[in-house]
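Trainee: Before I ask anything, here is the structure I am working with.
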Amino acid sequence: MVNPTQTLAWQSLTAHSQQFKKPEFLLSSLFQEGRFKEFSASHGDLLLDFSKHYLTSETFRLLTQLAEECGLQEAIDAMFAGEKINYTENRAVLHTALRAPAADQLPEVSEALAKMTAFVADVHSGKWSGAHGSKIRDVVNIGIGGSDLGPAFVVDALATFATGDVNLHFASNVDPSHLKDILAPLDASTTLFVIASKSFNTLETHQNALLAKRWFLAAGFTEDEVASNFVAITSNLDAAKKFGLTEQNLFPMWDWVGGRYSLWSAIGLSIALSCGMDNFKQLLAGANSMDEHFKHTDFSHNLPVISALLSVWYINFFDAPSSALVPYSQRLNLLPAFLQQLYMESLGKSVNVQGQSLDYRTGETLWGTPGTNGQHSYFQLLHQGTEFIPVEFIAFIKPENLESSTQYNHLLANCLSQSMALMNGDPQSNPHTNVAGNKPSSTLLIDVLTPYNLGSLIAYFEHKVFVQGVIWNINAFDQWGVQLGKNLSEKVVKVLEDGNASNQLDESTMQLINHIHKVRN
Ligand code: F6P
């Protein structure tokens, strides 16, 4: 447990960073022969180019020294060994165990995978049918946060790998319109609900599960038939059984898997129902290969470590307020939303592991949308705005469909030219048309979008977040702030429902509630 600001590397980096802040500094001037070789690293089909950064050999040496001084290797070993590194909840952090090869799997993981395999095969073949014996056509995943974002992102990303047996839908928002719009065209007899909730008491999921059940019963089915069209993934078996589910319909979750790291567990059931168990296992295998890379590769060639150190560099030494993630792939449309939870729930902390207030910055705002669309909205601010925002570009080298390869080349060309434009700018005497450049970015190129490579990509980000948590000496695995919102909303809903003024609410909130009541009446 080290205060990063007290390390020698931090002090050296503070002095070292000054050279990049001088008005005459030119990022493009760092380019000398061999720079790409020095500042790029790869694993499997992933190649990370980090040469367009404020980085010299000395910077990179100091950043890796920082990781060493902060005890990163020991922390990695502790996580993989199952030590209870989620200190505030006294839990191990073992999502990596979910993607271990069969021979190294925990018995409960093998058992869960076997149950998923049998279930997916039965749904696809029609052996598992709805209450009146109809083949399942639509699957509605009801969950939120990690029980929604991961599966929704992966199902969307792997659309071309879908077996076509079922259509997937994701309902998360407690706004009833979300689920109602999904249900409107569906037939209750051919619809399967997957209730994904580790706790089985998350407000949104609970409300949506009840709404789904009411809809199912209103279609003429009985309470006894609920078990034919509903399954759940949870660690709260009692609550799930009270809802009407039986052992057969329940898939396990464990306290050593955090919500935002759970798509690898049975929470990924919707992924498997969409693209089949073989593809789901490929996703796990790809993540496992990134785990091995992360565990065993020296820091200067370790993709998640490099990426995390660059984030620390800009957040702590250049006060970057946010960073943009721009996948040049429509298939990765939901990646920024998924990563927002992973990053901001993990790294949005202002006390260290010992509970002391921090005097250095931690998690930044992460945002982005797919390119090229972003180029026609927020890229103007990246190029000419006053904010300093590092960018991470991601692109797949091979198109999904060879027939459209020329059009696909336009996508890649835009990705490459944006990072070039950010770095070089376009110096002009007219201040309005002048584009200053000097904006750093990374480019992650991946050979092709497959379940295996997608697994590696997600694990890359998970480990990047882990490294940042270690450097900042924070617990990246709890989320007490989220809990506060959950508790407060329970109090407010009571006042909304029964209209009784509560002196526990502030005047602003009370007046808003009064206004709501007035308009409704
Ligand atoms: O958003 C907060 C959170 O606690 C996440 O960590 C989690 O992914 C989500 O709620 C859903 O929790 P559950 O799976 O228990 O319904």
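The values are calculated or read from the model by the stated rules, or taken from the named source; none is laboratory data. Since the model is a prediction, treat every value here as computed from it, not as a measurement. When we count neighbours, we look across all protein chains shown, and the Cβ atoms used for this are built from the backbone with ideal geometry, even at glycine. Calculation scope for accessible area: heavy atoms of the full protein, side chains included, ligands and nucleic acids excluded. Shrake-Rupley method; radii C 1.70, N 1.55, O 1.52, S 1.80 Å.
Trainee: Quick check on region 16-28: of everything there that is surrounded by fewer than 12 Cβ atoms within 10 Å (Cβ to Cβ) and under 34 Å from the mean Cα position of the chain (by Cα), which residue is farthest from GLU58 (Cα to Cα)?
Mentor: Filtering region 16-28 for residues surrounded by fewer than 12 Cβ atoms within 10 Å (Cβ to Cβ) gives 18, 21-24.
Subsequent filtering for residues that are under 34 Å from the mean Cα position of the chain (by Cα) retains 18, 21.
On the way: GLN18: 13, LYS21: 16 Å.
Checked region 16-28; the qualifying residue farthest from GLU58 (Cα to Cα) is LYS21.
Trainee: Next question. Going by what's in this entry, would SER311 be described as within 16 Å of the ligand (Cβ to nearest atom), polar (S, T, N, Q) and buried (at least 21 other Cβ atoms within 10 Å of the Cβ)? Even if it seems obvious, please write down each step before you answer.
Mentor: Values: within 16 Å of the ligand (Cβ to nearest atom): no; polar (S, T, N, Q): yes; buried (at least 21 other Cβ atoms within 10 Å of the Cβ): yes.
When the stated conditions are applied, SER311 does not pass them.
Trainee: Failed condition for GLN375, given (1) part of a helix (DSSP H, G or I); (2) open to solvent by 50 Å² or more (accessible area, probe 1.4 Å), with all others met?
Mentor: Of (1) part of a helix (DSSP H, G or I); (2) open to solvent by 50 Å² or more (accessible area, probe 1.4 Å), only one is false for GLN375: (2).
Trainee: Got a sec? Which of ASP148, ASP165 is acidic (Asp, Glu), away from the ligand (no atom under 16 Å from the Cβ), touching a residue at least 40 places away in the same chain (Cβ under 8 Å) and open to solvent by less than 50 Å² (accessible area, probe 1.4 Å)? Spell out the reasoning first.
Mentor: Working: ASP148 fails: away from the ligand (no atom under 16 Å from the Cβ).
Result of the check over ASP148, ASP165: ASP165.
Trainee: Condition first: open to solvent by less than 20 Å² (accessible area, probe 1.4 Å), within 16 Å of the ligand (Cβ to nearest atom) and polar (S, T, N, Q). Now tell me which residues in region 314-352 satisfy that.
Mentor: Hit for region 314-352 is SER346, nothing else.
Trainee: Still on this structure: Residue check: is PHE230 farther than 17 Å from LEU454 by Cα and in contact with a helix residue (DSSP H, G or I) (Cβ under 8 Å, 6 or more places away or on another chain)?
Mentor: So PHE230 fits the description; yes.
Trainee: If you check every pair at least six apart or on different chains, which have Cβ atoms under 8 Å apart with a residue in region 334-360 that is free of Cβ contacts under 8 Å to residues at least 60 places away in the same chain first and a residue that is open to solvent by 40 Å² or more (accessible area, probe 1.4 Å) and not in a loop (DSSP other than H, G, I, E, B) second?
Mentor: Close Cβ pairs satisfying both conditions: PRO336/TRP367; GLN340/TRP367; MET344/THR365; SER350/SER357; SER357/VAL351.
Trainee: Which residue is farthest from the ligand (Cβ to nearest atom), if the candidates are limited to region 240-272 and must be of a type in the set (Gly, Ala, Ser), touching a strand residue (DSSP E or B) at 6+ places or on another chain (Cβ under 8 Å) and closer than 19 Å to ASN201 by Cβ? Explain how you work it out, then say what you get.
Mentor: Step one: filter region 240-272 for residues of a type in the set (Gly, Ala, Ser), giving 240, 244, 258-259, 262, 265-266, 268, 270, 272.
If we keep only those that are touching a strand residue (DSSP E or B) at 6+ places or on another chain (Cβ under 8 Å) as well, we get 240, 244, 258, 265-266, 270.
Add one more test, that the residue is closer than 19 Å to ASN201 by Cβ, and what stays is 240, 244, 258, 265-266.
Details: ALA240: 12, GLY244: 18, GLY258: 7, SER265: 11, ALA266: 12 Å.
Among those that are of a type in the set (Gly, Ala, Ser), touching a strand residue (DSSP E or B) at 6+ places or on another chain (Cβ under 8 Å) and closer than 19 Å to ASN201 by Cβ, it is GLY244.
Trainee: Could you list all residues from region 467-488 that are of a type in the set (A, V, I, L, M, F, W, C), under 27 Å from ASN3 (Cα atoms), assigned to a helix (DSSP H, G or I) and within 16 Å of the ligand (Cβ to nearest atom)?
Mentor: Selection gives TRP480, VAL482.
Trainee: Continuing with the same structure: Would you confirm whether or not region 230-238 contains a residue that is farther than 21 Å from PHE119 by Cα and touching a residue at least 60 places away in the same chain (Cβ under 8 Å)?
Mentor: Step one: filter region 230-238 for residues farther than 21 Å from PHE119 by Cα, giving 238.
Checking the rest, the ones that are also touching a residue at least 60 places away in the same chain (Cβ under 8 Å) come to none.
No - not one qualifying residue is present in region 230-238.
Trainee: So, in region 203-217, exactly how many residues are buried (at least 24 other Cβ atoms within 10 Å of the Cβ) and within 9 Å of the ligand (Cβ to nearest atom)?
Mentor: 1
Trainee: Looking only at region 37-68, count how many residues are over 15 Å from HIS293 (Cβ atoms) and open to solvent by 60 Å² or more (accessible area, probe 1.4 Å).
Mentor: Within region 37-68, residues that are over 15 Å from HIS293 (Cβ atoms) and open to solvent by 60 Å² or more (accessible area, probe 1.4 Å) number 6.
Matching residues to (1) farther than 30 Å from TRP264 by Cα; (2) in contact with a helix residue (DSSP H, G or I) (Cβ under 9 Å, 6 or more places away or on another chain):
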| position | (1), (2) |
| --- | --- |
| TYR460 | no, yes |
| PHE466 | no, yes |
| GLY469 | no, yes |
| ASN473 | no, yes |
| ASP498 | yes, no |
| MET510 | yes, yes |
| LYS518 | yes, no |
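Trainee: Within region 463-486, is even one residue of a type in the set (Lys, Arg), open to solvent by less than 80 Å² (accessible area, probe 1.4 Å) and modelled with pLDDT of 95 or more?
Mentor: yes
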